[in-house]
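The values are calculated or read from the model by the stated rules, or taken from the named source; none is laboratory data. Quick caveat, the model's predicted, so the values are computed rather than measured. Methodologically, a virtual Cβ is constructed for each residue, glycine included, from the backbone with ideal geometry; neighbour enumeration extends over all protein chains shown. Protein only, heavy atoms only, side chains kept; ligands, DNA and RNA dropped before computing areas. Shrake-Rupley method; radii C 1.70, N 1.55, O 1.52, S 1.80 Å.
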Amino acid sequence: MKKLYLLILHAIVITGITYAQPFINISSSLQGIGRGSVIFADFNNDNNLDLFIAGQDGNYNPFARIYLNENGSFVATESGISGLENCAAAAADYDLDGLIDIVITGADFDGNKTVLFKNAGNGQFLAMPVSFYAAGAGGDLAWGDYNNDGFPDLVISGNWNTMLYANNGDGTFSIVEAGLIGMNSPSLAWGDCDNDGDLDLLMVGDAGSVGETYIYLNNNGIFNRLEVPVEGAVGGDAQWGDFDNDGNIDILITGKDASLTPVSYVYRNNGDNTFGFANAGLTGTALGPANWIDFDNDGDLDIMLSGQNAGCGNASTRLYTNNGVGDFSEFPAGLAYVERAASAWGDYDNDGDYDLVLTGISGSHTTKLYRNDLNTSGFQQNTPPTIPQNLYTYVSGGYAVISWQRSTDAQSPSEAITYNVMMGTTSGSIDKISPMANPANGQRYAAAPGNTGQNDFMVFRNLAPGDYYFRVQAIDQAYAGSDFSEEGSFTILPTSAATLPADDLKIFVMDHTLIIHGLKNTPSVVSIISLTGKTVFLGQSTGTSLEIPMAGYASGIYIVKVITDGRVVAKKMIK
């Protein structure tokens, strides 16, 4: 009997360690909202994450407020941001002034609106005179530099229309005829799913048959739909995230299917422009967020789902731990059950783990602040990655590529680390790329992956002549950033002084073979150079064409240099 008692006691102790409750519901003065949006970001650059909350308050009025983080306490400020409900919001430093701005789409008593608010500092925001598409209730929007010029562009979708706006870099935006499908109740996400150096677009929502998924591959600013068997949903969320740490971003989708039943899907990116269904065992969820987040600091992405479940009146907030082998187990986090929900993760108390703000409706409009006390619950503390080293640059005309050696991390594998670039036209400046981080110590101003994704390179197009200076930081799966690297630089020469590709020389890849047409009947030297500067092929041709097998080459971007007929021709090639 004593032995049996000890076994039972041992099981209780083990269970207590395994399921130690890390999330503490913190009493706060945050306004309860539903049908809204919430963002963690350091809006006043004091190295503390502040909070933006917008939506419908308990009196069914449109609401929006900035709460500044003052030593771990959130203090409401009159920011100048007007409220919208049934809204979506996104944050970015759109004007590269070092302060994070906000754009919001939704509705108020006057109708549908999309408003861009410029951060003027000290928690104050100014509505800018920019005319964006008003997607209205249930719309979505997302920032992303689709054309690789350093300025965040904006896509807005909803109410059966989708608009892409190019950021002109002078405070104005231009409509881009991108051919993107119009959707109702969509979810949008930018991410480089084919690892070629430019942002692709994930769109999930109602495109005419309730729930559909569209993946648009970006090829130098031209979008083409990737035909893949990925199930869609409507009234939910869709996010990119590398849950299996193989260097290819995967997809998390929630919402309602064609029978209006809540569903939750994970699709694995196979690395060859195909996606496979991953049987993740998630509870179907709609009308709320789907988050990738490494809440337990073990180096792989976990999942949080919040919103409506199947059955009348059912709702939940569920946290799933990534077991590290491609499947997930539900973690009993004790989070509030809400629908018409929104969420944001961020380390607001700077203790090395990510905390949660959760809003929604559960009888009444509510906002919950949960402090993550992982470090007191048997979990490991996260540490930032190593600083990127060995910066390299390649320049041809107005085209440039910068690259670096991959970092390492004690928790996250190297393939899962993302990278963040700051760049300007003078040393230490960010007037070409804002890192949304503190250049002095790498402190992140936003809880998000880096602006290059998992690529260890960044591509720029159509740069003006001049000098450019850049630094790079590494960011792990828990969104902790390293210090920035030493500064690198390169120069774009005036067009007249640059070596330009010849129109009659064709360089392309087909069936894993590099093909060069248009050579002269004179000796030509051909070299293939990786973005780290390593020459991986060097050969000579005396004919008018050359074929080089590339099946054994790693996927990525290479520079093909051809010296022929007294000319030097260089082109980018994607394998």
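Observations on the model:
- Considering residues of the range 510-526 that are closer than 15 Å to I574 by Cα and surrounded by 12 or more Cβ atoms within 10 Å (Cβ to Cβ) only, the residue farthest from the chain's Cα centre (by Cα): I516
- Look at (1) over 19 Å from the mean Cα position of the chain (by Cα); (2) open to solvent by 20 Å² or more (accessible area, probe 1.4 Å); (3) not β-branched (V, I, T) and you find that R444 fails only one, number (1).
Conditions tested, residue by residue: (1) surrounded by fewer than 19 Cβ atoms within 10 Å (Cβ to Cβ); (2) aliphatic (A, V, I, L, M); (3) in contact with a helix residue (DSSP H, G or I) (Cβ under 7 Å, 6 or more places away or on another chain); (4) free of Cβ contacts under 8 Å to residues at least 12 places away in the same chain.
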{"site": "I175", "(1), (2), (3), (4)": "yes, yes, no, no"}
{"site": "M203", "(1), (2), (3), (4)": "no, yes, no, no"}
{"site": "A207", "(1), (2), (3), (4)": "no, yes, no, no"}
{"site": "T213", "(1), (2), (3), (4)": "no, no, no, no"}
{"site": "V228", "(1), (2), (3), (4)": "yes, yes, no, no"}
{"site": "G232", "(1), (2), (3), (4)": "no, no, no, no"}
{"site": "A238", "(1), (2), (3), (4)": "no, yes, no, no"}
{"site": "G241", "(1), (2), (3), (4)": "no, no, no, no"}
{"site": "N245", "(1), (2), (3), (4)": "no, no, yes, no"}
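- Residues of the range 424-470 that turn out to be in a strand (DSSP E or B) and under 30 Å from D355 (Cα atoms), as a count: 4
- Qualifying positions in the range 31-45 - out of contact with any Cys (no Cβ under 7 Å at 6 or more places or on another chain), in a strand (DSSP E or B) and either open to solvent by less than 10 Å² (accessible area, probe 1.4 Å) or within 19 Å of W345 (Cβ to Cβ) (or both): I33, G34, V38, I39, F40, A41
- Checked against (1) in contact (Cβ under 8 Å) with a residue 40 or more places away in the chain; (2) over 24 Å from N462 (Cβ atoms), V115 passes all but a single condition, namely (1).
- Top-ranked residue of the range 125-147 - restricted to ones that are modelled with pLDDT under 95 and closer than 23 Å to Y216 by Cβ, ranked as surrounded by the fewest Cβ atoms within 10 Å (Cβ to Cβ): G136
- For beta carbons closer than 6 Å, sequence separation of 6+ or different chains, a first residue in the range 533-557 that is without any contact (Cβ under 8 Å) to a residue 60 or more places away in the chain and assigned to a loop (DSSP other than H, G, I, E, B) and a second that is hydrophobic (A, V, I, L, M, F, W, C) and open to solvent by less than 30 Å² (accessible area, probe 1.4 Å), the qualifying pairs are T544/L519; M550/L514.
- In the range 418-426 there is no residue that is open to solvent by 20 Å² or more (accessible area, probe 1.4 Å) and among the aliphatic types (A, V, I, L, M).
- All positions within the range 297-310 that are charged (D, E, K, R) and open to solvent by less than 10 Å² (accessible area, probe 1.4 Å): D302
So that you can scan it fast, the table gives a plain yes or no per residue for (1) polar (S, T, N, Q); (2) not in a loop (DSSP other than H, G, I, E, B):
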position	(1), (2)
Y60	no, no
V75	no, yes
N86	yes, yes
K113	no, yes
K118	no, yes
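- The residue of the range 540-566 that is farthest from M458 (Cα to Cα), among those that are open to solvent by less than 50 Å² (accessible area, probe 1.4 Å) and at pLDDT below 80, is T564.
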